[in-house]
Structures are given as C-alpha cells and as structure tokens.
Amino acid sequence: MKAITVTPRTPNSLRLQDVPVPVPGKREVLLRVLRIGICGTDRDIISGFYGEAPAGSDYLILGHESLCRIEKLGPGVRGLKIGDLVVPTVRRSCPENCVSCRNHQSDMCYTGHYFEHGIKGLNGFAAEFAKSDSSYIVKMPESLSELGVLLEPLTIVEKGLLQTYLLQKSRLIWKPERALVLGAGPVGILATALLRLRGLEVDAVATRSKDSVKATLVESTGASYINSKEMPFSSLDYKYDFVFELTGNASVAVSAQDLIRVNGIVCYLGIYREDQETQNVGKVFTELVLGNKLHFGSVNANITYFQSGAKDLVRIQKKWPKLLSSIITRKGGPDDPQKIYNPESEEEIKSIVEFSGA
Ligand code: BGC
C-alpha cells in the first residue's frame, strides 16, 4: 500500500513508499484511511527535529490527524463494525502502564515512554490503511464524513478548555466573560469557535492582515480579530479572564501573563524554541503571585476529549456551516508529498491528504 514516510531525525527524507498492509491483532482494527490533516508537528518531523520510528523499523509513517472507516476487525473487538466512520486518538499507553495510562489518561503519562501514532514509536495514518487498538477509536456521525478530519486539532483546545474550567472552578468563583486567543492557525480558529460556543467574547490575535482568510474566519464566529502588526498586543488595555497561547513564540508567551486580569489563567499549547528572547522572568512570577494568576501547559488529548470534541464539532458545523470547510484550504493526493506538505501561500490554513473518497 501507499504510505507517506520519513526516516526520523533525517531532514527532508519525506517520501511516498510502498509498505505492507498492517494486520490487525487481538482487539485491534484495520482502518481504511479517508483523509489526514497536516500540522506543525508533521513539519517538525520532516525537518528532522522530532519523531521516532517503531522499534525495529527504519521508517515512520506520518499522520496523526485522521478520518477513517473500519475495514476489518481483529479478534475480540466489541462495539465497532465494518464501515463505521471513526477517528483514532493519537497517544497509546507506556509499557510500564503507569497510573495515568491504565486509567485512560495516556495524555497525562507519568513515565514519558508513551507512544504516539505518526510521531513517536508507532506508525501514523498517512497511508491507505492503518491499524489501531480498538479501545482508542471514536465513532463519528456521518454528517462529518468530510470534516471529521478536524477532530484531532480540536481535541487539543477541548482539553485546554476543560482543564481551564476545572482548575478555575476548583479555586474560586469563576464567571469568565472574555478570552484571548494568541495565534489564528487551524487550532486558533477552532479555539475561537469553541469559546464562542461557550458564550464568551473572544479576541484572536495573529500577524495576518484584517482582510486575510484567517481574520475573516475568526470574525465569522462573532469574535474580533486583532492584527498584531497594526496593534501590538502590549497596547491592549483590556485584561482577559483567560488566554489560550498557541503561537509557540516564547516572547509572545511571556507577554500573555500581562494580558490576564487578577485571578486569570493562561493555557499554553505551543512548543517554544529555547533560544528565543524572553522578558524579565522575575516580573512574571511577581505578577503571578500578586494577581493570584495561574499558568499551565497542556499537550495531547485522551479519548474523553475526542468524544466531547466530536459533539462540539457537530455544534460548530451547525452554528457556522461554512467555517470548518473554509479552514481546509488545500486538498491533494498522496503521490507528491513534497507538494502537499509545503504551504503554497500565506493564506493557507489546513492542508489535507485524501487517501480514499468513500
Ligand atoms: C499532537 C499531539 C501530540 C503532540 C506532541 C501534536 O501535534 O496533536 O497529539 O501529543 O503533537 O507529540
């Protein structure tokens, strides 16, 4: 079968490769991949910064954002049938089966020895077929047979948002009104929609102009778009109840703390390069203390966020029928991976590789 692969830690080894169709073992399913989404993590793997092949293999099949149909059931699989529209989660338990992993919270793995499809030690979904443990599979409604590929990026903010509410509600009386989203890529736009669904006023900040596709999509949800080139966010006089930091830029991340009001919270979801310049860290800690502020990081998402995310994706689709399809700005086949994995224009938001139409 056709698969998009890399040799991990080898820059620009991206290629289309012919590999064997996987055979589902006990409690595993064989998935026919309909489409996969491309994100920054895939590009980091292609650049050689990240990624690990499965044990004993010299290649890694890419792809962790996917939409599939069940093709075949391995022995002992329950609750799924051939033809079901599904999304597999990304992360799998560590070999030690730590207390988080054995309680369905591999996103909170204690050992760090977890596996991630398409990223760390397990092949991904950028192939005609893939296999997965059946207990990490979420069924999708047929109404999302095109757009369900956006579930995985939504789960990242689904987890960030749920954890934010849990943290805040456990420590104070919290009635958030206004949120700030730093970054308006696919996850930033999905975060904006999710916050608007919850009834919050939202401002989203990015570097594209006010008439860009990103800005238009943000504003179509009733949020406001701020172009940070025209209006530096240090000049924002409003203080937010909470901030989602998605830019991955360390100096933006440090300034996020100035943008929250007393008792506010910042959720960091980016990967920050260590050589980036940062501001005075002492000031940040003092502000944290004097303002009862909370900062936390969040990565990955377990199956519960995929389940709630699938419901939110349906709600988003119902409320803003053009939004999700407009986030997908490019679709292509797998035959020329170099082409589809490299953004063609500044207006590109999410690229999708189509493996099968059905
Ligand atoms: C994925 C997460 C994963 C993280 C780190 C992100 O792109 O969405 O599922 O945990 O990369 O590998």
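The values are calculated or read from the model by the stated rules, or taken from the named source; none is laboratory data. All values reported here derive from a predicted model rather than from experimental measurement. Cβ atoms come from the backbone with ideal geometry, glycine included; neighbour counts cover every protein chain shown. Please note that ligands, DNA and RNA were not included when accessible areas were found on the heavy atoms of the full protein model with its side chains. Shrake-Rupley method; radii C 1.70, N 1.55, O 1.52, S 1.80 Å.
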Return a yes/no flag: does region 202-215 have any residue that is under 18 Å from the mean Cα position of the chain (by Cα) and assigned to a helix (DSSP H, G or I).
yes
Testing Ile340 on (1) at pLDDT 95 or above; (2) closer than 19 Å to Ala191 by Cα, one condition comes back false. Which one is that?
(2)
Looking only at residues that are hydroxyl-bearing (Ser, Thr, Tyr) and within 30 Å of Gly25 (Cβ to Cβ) in region 114-149, which one is most open to solvent (accessible area, probe 1.4 Å)?
Ser135
So Glu152 fits all but one of (1) surrounded by fewer than 19 Cβ atoms within 10 Å (Cβ to Cβ); (2) part of a helix (DSSP H, G or I); (3) among the acidic types (Asp, Glu); what number is the exception?
(1)
Just to be sure before I move on: is Asp237 open to solvent by 80 Å² or more (accessible area, probe 1.4 Å), among the acidic types (Asp, Glu) and over 22 Å from Ile156 (Cβ atoms) in the structure I sent?
yes
Among the residues of region 246-258, how many are within 17 Å of Met231 (Cβ to Cβ), assigned to a helix (DSSP H, G or I) and either touching a helix residue (DSSP H, G or I) at 6+ places or on another chain (Cβ under 6 Å) or open to solvent by 10 Å² or more (accessible area, probe 1.4 Å) (or both)?
4
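Okay, residues lined up against (1) out of contact with any helix residue (DSSP H, G or I) (no Cβ under 6 Å at 6 or more places or on another chain); (2) open to solvent by less than 30 Å² (accessible area, probe 1.4 Å); (3) more than 26 Å from Pro343 (Cα to Cα):
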site: Glu177; (1), (2), (3): yes, no, yes
site: Leu194; (1), (2), (3): no, yes, no
site: Arg198; (1), (2), (3): yes, no, yes
site: Glu201; (1), (2), (3): yes, no, yes
site: Ala204; (1), (2), (3): no, yes, no
site: Lys210; (1), (2), (3): yes, no, no
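Here is a yes/no grid of residues against (1) more than 14 Å from the ligand (Cβ to nearest atom); (2) out of contact with any helix residue (DSSP H, G or I) (no Cβ under 8 Å at 6 or more places or on another chain); (3) touching a residue at least 24 places away in the same chain (Cβ under 8 Å):
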| residue | (1), (2), (3) |
| --- | --- |
| Thr7 | yes, yes, yes |
| Lys26 | yes, yes, yes |
| Asp44 | no, yes, yes |
| Tyr50 | no, no, yes |
